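Derivation of every value follows stated rules applied to the coordinates shown; laboratory data play no part. Everything numeric in this text was worked out from a predicted model, so none of it was measured. Cβ coordinates were reconstructed from backbone atoms using ideal geometry, including for glycine residues, and neighbour counts include every protein chain displayed.
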């Protein structure tokens, strides 16, 4: 029951509240700066939905790997676990392409929502600022925790796989 409640609360936060927290100020800023919306129906809606689906794909794939392979959950923030963390370092599936595929997926999801709403300020000002803050968090909080939990294995993995944007792994990848 606790797991379901935490997933419900975190999904509500990440899929509804946080996007609204980004979009509402962006729409206000658009109005303040007298910017017209990125509204080209139905194209922005179609593009937005495709990007949302792409983001959800990465998030589900990541979650599946964490739960099934890592035997844990992604619910932790600033070193505080809300559910048991993974017991095994995941280096396959989406984690083969970037170290934070769930965050990559969420930012795609958010960008898709923003494109559907058509807010220029949210897409080009607020989301990039939020992305920079998220990367700082991932780099300095989450990675330190992973280094403590997985040691040298994580250090080797970190040296060969990009932080956030999926890409090609470096030669001499961790074995």
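Only Cα pairs under 8 Å and 6+ residues apart enter the sum, and on that basis the relative contact order of the chain stands at 28 percent.
Taking label points 7 Å from Cα along the Cα-to-Cβ direction, residue 54 and residue 40 give a separation of 1.5 nm. What is the helix-to-structure angle for 18-32, meaning the angle in degrees between its Cα long axis and the longest Cα principal axis of the chain, kept from 0 to 90 and rounded to the nearest 10? Result, in degrees: 30.
Extension gain for residue 134 to residue 8 (0.36 nm times residue separation, less C-alpha to C-alpha distance): 43.2 nm. Assuming R0 = 25 Å, what is the FRET efficiency of residue 168 and residue 17, from their Cβ-Cβ distance, to the nearest 0.05? Rounded to the nearest 0.05, the efficiency is 0.10.
When you count the other C-beta atoms within 10 angstrom of each residue and take the mean per peptide, 55-64, 39-48 line up highest first as 55-64, 39-48. Above 25 Å, the calculated P(r) of the chain contains 38 percent of its Cα-Cα pairs.
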